Amino acid sequence: MRDGQELELSNADEGAVAALDFVRQEWLAFGNRFAPFIAAADKEEKCLMLPLVAAGLMLTMYSDESHAAAKRYLARAKASAAGANAREQAWLTAIESWIGGDLDRSADAFEKIVTEWPRDLLAAKLAQIHAFNRGDSEGLLRVGEQIAAANDNRFVLAMHAFGLEECNRLDEAEALARKAVALDRHDPWAHHAIAHCLEARGKMLEGVAFLHSMSDTWESCNSFMSTHNWWHLALFLIDLDRTDEALALYDQRVWGVWKEFCEDQINAISLLARLELRGVDVGSRWADLALYLKPRLHEHYSAFHDVHYLYGLARAGEQSAVTEMLASLEDRAERAKPFERETWADCTVPLAHGLAAHAKGEHANAARLLGQAMPHLRTLGGSIAQRTLFGAIHLDALTRSGWNDAALAILQADERERPSVPATKRALADLYKKVGRTEQALAAEYQAEQLARRYRAAAQRGMTGETA
């Protein structure tokens, strides 16, 4: 038997083929109808690809429960492995390595599958997830290029576009993502890639307009994709000084869809933190978040997730949980394999301690610790846009502790990259005053007010395009 991508399947009947074709479409479309596939995988006794794909799906949920489920699916796959073809054996290696904690081996195995069978789009998705989790933007793009040469559909265009964006090839990325949307506007990953490109250029009005125009298509998405695209819209609103609207999106769209899910949690943590950095009082929202973070103190499936959890607990004032998690992170770093040491020892541990210090208002200590982590931040994983949170917290710590020269250098770089953000110019003006550069401070204040007036006028007229 062959599936809809013309990939050979061992011991498969028509039902198994249909289940695999269904889950491929649903997974790549970021849908929310996985229950029928899980039911089919639970019943399957011959075709090992069903439990292997189910295991891969579970592993992307980063929890103790999902990890345990992945182990069960792996055992079922191994029991059906007799007669497995080379691609299926490679999948078995990739999943078993992932469950065993050998993430490098798993990533290599999935990328080799893509190299030899570039029409295996689920292997490509998992290869990109591994690259994303390691901050390997080149690997993310490499997988996108390989599947682009062998496939012609909107899913591949969007996957390729995201790899390009993470390598800062923004024009190419946006063009491919817009091509995907032209083929089918119901492509949330293409919307996501375009949002990244617009955010990187500081095109906030265009970002708001675009995401609003596509938001009706997100109702059928899983909670991660829906909440994450609304999260991107909130980032544009924050940079437009429309923080009240961003906070409303937090309450209505970002937090509360699936509070137990890690991706929804980190979206919420990141958005609350960014709002607070812009002076917004978020009330008791941290306390609600902390209820769902406390069970995660010792998971450590993703360093990127861990540091978000840690900061959320710290902002909620859960000091005993923070102390326990810091000790657990230090233990995880001690157990790190050689390829993991930069991520866990050089980045995660000082970053976590710095975030805890920042949450307590110990800004000088936070600036020192966060500064140690910054050169290694890429290894933490996540996207460029997501990692900017930690740079923003570091900048806040530098500013509040009086490290004016270091803070000024960062702000000037930020202003060069995204000259359209009023808050950046206001922060520059304040620092220029502190270091006695009065003329530059006045110029920055004037530019900030001109931008703010433009954005207020656009909002009042209901205009959100860049021509406003």
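The values are calculated or read from the model by the stated rules, or taken from the named source; none is laboratory data. For clarity, every value in this text was computed on a predicted model and none was experimentally measured. FYI the Cβ positions are ideal-geometry reconstructions off the backbone, even for glycines, and counts take in every protein chain you see.
Restricting attention to segment 264-294 and to residues that are surrounded by fewer than 20 Cβ atoms within 10 Å (Cβ to Cβ) and touching a residue at least 60 places away in the same chain (Cβ under 8 Å), the residue that is farthest from residue 102 (Cα to Cα) turns out to be 278.
Is segment 255-262 home to any residue that is outside the structural domain of residue 419 (by TED's automatic domain parsing), buried (at least 23 other Cβ atoms within 10 Å of the Cβ), assigned to a helix (DSSP H, G or I) and over 14 Å from the mean Cα position of the chain (by Cα)? No, the conditions are met nowhere in segment 255-262.
With respect to residue 251, is the statement that it is among the charged types (D, E, K, R), assigned to a helix (DSSP H, G or I) and within 19 Å of the chain's Cα centre (by Cα) true?
No, not satisfied.
Being over 23 Å from the mean Cα position of the chain (by Cα) and surrounded by fewer than 22 Cβ atoms within 10 Å (Cβ to Cβ) is the filter; apply it to segment 339-367 and report the residue that is nearest to residue 319 (Cα to Cα). Going through the qualifying residues, I end up with 360.
Can you confirm whether segment 165-173 contains a residue that is touching a Gly at 6+ places or on another chain (Cβ under 6 Å), surrounded by 19 or more Cβ atoms within 10 Å (Cβ to Cβ) and more than 14 Å from residue 28 (Cβ to Cβ)? No, because not a single residue in segment 165-173 is touching a Gly at 6+ places or on another chain (Cβ under 6 Å), surrounded by 19 or more Cβ atoms within 10 Å (Cβ to Cβ) and more than 14 Å from residue 28 (Cβ to Cβ). Taking segment 248-267 as the range and being out of contact with any Lys or Arg (no Cβ under 8 Å at 6 or more places or on another chain) and closer than 22 Å to residue 391 by Cβ as the test, the residues that pass are 254, 263, 266, 267.
Across segment 368-408, which residue is surrounded by the fewest Cβ atoms within 10 Å (Cβ to Cβ) among those that are under 24 Å from the mean Cα position of the chain (by Cα) and farther than 30 Å from residue 129 by Cβ? Top of the filtered list is 396. Of all residue pairs spaced 6 or more apart or on separate chains, those with beta-carbon atoms under 7 Å, a first member in segment 127-141 that is not assigned by TED's automatic domain parsing to the domain that holds residue 305 and a second member that is among the hydroxyl-bearing types (Ser, Thr, Tyr) and part of a helix (DSSP H, G or I) are 130/106; 134/379; 135/379.
If you go through segment 273-299 and keep only what is over 21 Å from the mean Cα position of the chain (by Cα) and part of a loop (DSSP other than H, G, I, E, B), you end up with 278, 279, 280, 281, 282, 283, 284. When segment 310-322 is filtered for residues that are surrounded by 13 or more Cβ atoms within 10 Å (Cβ to Cβ) and assigned to a helix (DSSP H, G or I), the ones remaining, listed by number, are 310, 311, 312, 313, 314, 315, 319, 321, 322.
Checked against the criterion of being among the aromatic types (Phe, Trp, Tyr), within 20 Å of the chain's Cα centre (by Cα) and farther than 19 Å from residue 387 by Cα, segment 230-243 has no qualifying residue. Here 40, 54, 29 are screened, and the one residue that is among the aliphatic types (A, V, I, L, M), surrounded by 16 or more Cβ atoms within 10 Å (Cβ to Cβ), touching a residue at least 40 places away in the same chain (Cβ under 8 Å) and within 25 Å of residue 188 (Cβ to Cβ) is 29.
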